[in-house]
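Just below is one structure, and these are the notes that go with it.
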Amino acid sequence: MNFGSISNLVLFGGSQLMADFLPIAKKLYPTVVFTSERHLKEVLYANGVTLEDVLKKSKVEYYSSEDINSDERLKKFAGKNTLGLALGPAWIFRK
């Protein structure tokens, strides 16, 4: 696949897949995460680590959103060179 020139990556959702992908994503592009409160608090590993723990430890900027379709903060990160990946998002995307 060729996505053209990518300047930043926006990850949507949560899960252990996202937590495991974060170190790779950070090496490739500036990365930000939009997630839901339930994803932040979800225990991902047997040792009790949550997505929020992983995001804080990884120093990845993240936002909890009730409705991604009306979240004005996303505009700051979305552009023609933005790649967005949905990994089990809590929302249905209208656009």
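Return the pairs, sorted by first residue and then second, in which the second residue is among the aromatic types (Phe, Trp, Tyr) and surrounded by fewer than 21 Cβ atoms within 10 Å (Cβ to Cβ), the first residue lies in region 8-21 and is more than 10 Å from residue 85 (Cα to Cα), the beta carbons are less than 6 Å apart, and the residues are 6+ apart or on different chains.
Correct list of pairs: 8/29.
Of all residues in region 6-57 being surrounded by 15 or more Cβ atoms within 10 Å (Cβ to Cβ) and acidic (Asp, Glu), which is farthest from residue 68 (Cα to Cα)?
Filtering first and then ranking leaves 53.
Look at residue 9 and say whether it is touching a Ser or Thr at 6+ places or on another chain (Cβ under 6 Å) and either of a type in the set (Val, Ile, Thr) or at pLDDT 95 or above (or both).
When the stated conditions are applied, residue 9 passes them.
Which residue out of 52, 72 is over 17 Å from residue 3 (Cα atoms) and either touching a Leu at 6+ places or on another chain (Cβ under 8 Å) or in contact (Cβ under 8 Å) with a residue 24 or more places away in the chain (or both)?
52
Among the residues of region 26-49, which ones are among the hydrophobic types (A, V, I, L, M, F, W, C) and in contact (Cβ under 8 Å) with a residue 40 or more places away in the chain?
32, 34
So which residues in region 58-70 are under 25 Å from residue 93 (Cβ atoms) and either open to solvent by 90 Å² or more (accessible area, probe 1.4 Å) or of a type in the set (Phe, Trp, Tyr) (or both), if there are any at all?
Result: 62, 63, 66.
Can you say whether residue 3 is aromatic (Phe, Trp, Tyr), within 16 Å of residue 84 (Cβ to Cβ) and either open to solvent by 70 Å² or more (accessible area, probe 1.4 Å) or free of Cβ contacts under 8 Å to residues at least 40 places away in the same chain (or both), as far as the supplied structure shows?
When the stated conditions are applied, residue 3 passes them.
The values are calculated or read from the model by the stated rules, or taken from the named source; none is laboratory data. Model, not experiment: these values are computed from the prediction. We place every Cβ from the backbone using ideal geometry, glycine too, and count neighbours over all the protein chains shown. Just the protein is used for accessible areas: all its heavy atoms, side chains included, with ligands, DNA and RNA removed. Shrake-Rupley method; radii C 1.70, N 1.55, O 1.52, S 1.80 Å.
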